[in-house]
Amino acid sequence: MRSEISNFKSEISCPPGVKLGPMKVTRREIHPALALLPVAAFLLFTSLLAAQSGETFKARLSPVPINVSMLSTVAGTGSLTATLNGKKLTIQGTFEGLRSPATTVQIHRSPKGIPGPSILDLMVTKAEKGTVSGTVDLSPDQIEDLRNGRLYVQIQSQGAPDGNLWGWLLK
C-alpha cells in the first residue's frame, strides 16, 4: 500500500509553466451584525440581571420626634432594606431597644421629616426586639413617591401607639 501512495505522489504533476507556491489562506469576513452579537448578548444579560435584582432602598429606623413626656416610652433603633421589582415592594428589616412590645408597622407617605398618613401595612414581631417584613403592591403614584423619598416606615408600640421608630426609604 505504501508503494501505491508513493507512486501516486510521484505521478502528480503541474501543467507546463505552472508553479505551485505556498498555499494562501484567506480570511473570511464577518458580517458587521454578527460582530455585534457578543455586545448585544452582554447588554441583554446585564439588563435581565438588573430586572431580577430590582431597585434597592434602605431606611435607618430611629425614634420619632418626642417631647419630655415621651422619653420613658419612645426608644430604639433599626434598619430596613426594600427592593422594588416591577410594582412589588419587598421590605425586610430588624429593630431593637423598644421600651414596650411593637404592635403594628405601616408605610406612610410624606416628605422627609414630616409625619404623614399610613398607606400600607407590614408585619412586625410583637416584641421589644424583632423583625419587620412584607411584600406590597404599589400604585404608579406610590412608586414615584418611593423613588422621590416620600415613603417611610413607622413602628408603633404598646407604650407609643402613635409611633415609636420611623425611617424614610431612600436610595
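The values are calculated or read from the model by the stated rules, or taken from the named source; none is laboratory data. From a predicted model like this one, the values you see are computed outputs, not experimental measurements. So basically every Cβ, Gly included, is an ideal-geometry build from the backbone, and we count neighbours across all protein chains shown.
Scanning segment 88-109 for residues that are exposed (fewer than 15 other Cβ atoms within 10 Å of the Cβ) and either free of Cβ contacts under 8 Å to residues at least 24 places away in the same chain or outside any strand (DSSP E or B) (or both) turns up just one, G97.
State whether one or more residues within segment 27-49 are in a strand (DSSP E or B), at pLDDT 60 or above and at negative phi. No - not one qualifying residue is present in segment 27-49.
All of (1) touching an Asp or Glu at 6+ places or on another chain (Cβ under 7 Å); (2) without any contact (Cβ under 8 Å) to a residue 24 or more places away in the chain hold for P117 with one exception: (1).
Confirm whether I114 is modelled with pLDDT under 95 and among the aliphatic types (A, V, I, L, M).
Working: modelled with pLDDT under 95: yes; among the aliphatic types (A, V, I, L, M): yes.
Yes: the conditions hold for I114.
Per the conditions (1) among the polar types (S, T, N, Q); (2) within 23 Å of S139 (Cα to Cα); (3) free of Cβ contacts under 8 Å to residues at least 24 places away in the same chain, the sole criterion not satisfied by T83 is (3).
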